[in-house]
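This report refers to the structure that appears directly beneath it.
No value in this document is a laboratory result; all are computed from the given coordinates. If you're wondering where the values come from, they're calculated on a predicted model, not measured in any experiment. Glycine gets a Cβ as well: all are built from the backbone with ideal geometry, and neighbour counts include every protein chain shown.
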Amino acid sequence: MVELRLKVGDKGQILIPKVLREKYGVKEGSYVIIEPTEEGIILRGRPSPEETLIALEKHVSTLRNSGVEGPRLGDLKGLYLEMEFEERKP
C-alpha cells in the first residue's frame, strides 16, 4: 500500500494529487464522501450514477425480501426530512 503525506492548509484543506483524482473520478466542482472510522478518515470519490442505481436496486431488493413495503404515492406529503437531522433536546 502506498502512503502519501499531504500538508493541511490553514483552512483545513488538502490537495489531492492529480493521479488520485483521475483514478477515483474526483473533478473540479464534484463532491467526495468523507467517512470517519476508528483508524482514521476515508475519503472517497462520489459514486457514479450507475453505481448509485445499482446500490439503490440492491437496497430495494433487500427491503422487499424482508417484507418491508415502501411508502405509496402521497404518503410522505407534508413530511420534512430536515426534521430527521435536527438535534433533539433532552
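Taking 0.36 nm per intervening residue step and subtracting the Cα-Cα distance, what contour gain separates ASP10 from GLU28 on full extension? Walk me through the numbers on the way to the answer.
Numbers: separation 18, 0.36 × 18 = 6.48 nm, distance 2.03 nm.
Residue separation times 0.36 nm, minus the Cα-Cα distance, leaves 4.4 nm.
Only helical DSSP H runs with n ≥ 4 go in: add -39500 (n - 2.57) per run for the chain, normalise by residue count and round the 222 nm mean residue ellipticity to 500 deg cm²/dmol. Each step should come with its number before you reach the end.
Numbers: 3 runs with 28 residues, N = 90.
One gets -9000 deg cm²/dmol as the mean residue ellipticity at 222 nm.
Which chymotrypsin sites (Phe, Trp or Tyr not before Pro) in the chain sit in a loop by DSSP (not H, G, I, E or B) and have at most 12 other Cβ atoms within 10 Å of their own Cβ?
Numbers: sites: TYR24, TYR31, TYR80, PHE85; in loops: TYR31, TYR80.
When the chymotrypsin sites (Phe, Trp or Tyr not before Pro) of the chain are filtered for loop state and at most 12 Cβ neighbours within 10 Å, TYR31, TYR80 remain.
Post the alpha-carbon centroid distance, region 32-73 to region 8-29, in whole angstrom.
Value for the Cα centre distance between the two parts: 23 Å.
Which one of GLU51, GLU38, GLU69 has the biggest mean-square fluctuation once the chain is modelled by GNM with Cα springs under 10 Å?
GLU38
Mean separation of Cα pairs under 8 Å and 6+ residues apart, divided by the residue count of the chain: what relative contact order is that in percent? Each step should come with its number before you reach the end.
Values: 33 pairs, mean separation 11.5, N = 90.
After rounding, I find 13 percent.
Taking only Cα atoms and a 10 Å spring cutoff, compute GNM fluctuations for the chain and point out the largest among ARG64, ARG21, ARG72.
It is ARG72.
For the chain, with only Lys/Arg (+1) and Asp/Glu (-1) charged at the beta-carbon, what is the dipole magnitude about the Cα centre, in debye rounded to 20?
Numbers: 15 positive and 16 negative charges, 59 e Å.
The calculation lands at about 280 debye.
List the pair-distance distribution P(r) of region 14-70, using every Cα-Cα distance, as the percent of pairs falling in each 10 Å bin from 0 up to the bin containing the longest distance, rounded to whole percents.
Bins of 10 Å from zero give 19, 34, 29, 15, 3 percent of pairs.
Just to be sure I understand: with springs between alpha-carbon atoms less than 10 Å apart, which residue in VAL68, VAL26, VAL60 has the highest mean-square fluctuation in the Gaussian network model of the chain?
Largest GNM mean-square fluctuation: VAL68.
For the residue pair ARG21 and LYS77, what label-to-label distance in nm results when each label sits 7 Å from Cα along the Cα-to-beta-carbon direction?
In this crude spin-label approximation the distance works out to 4.6 nm.
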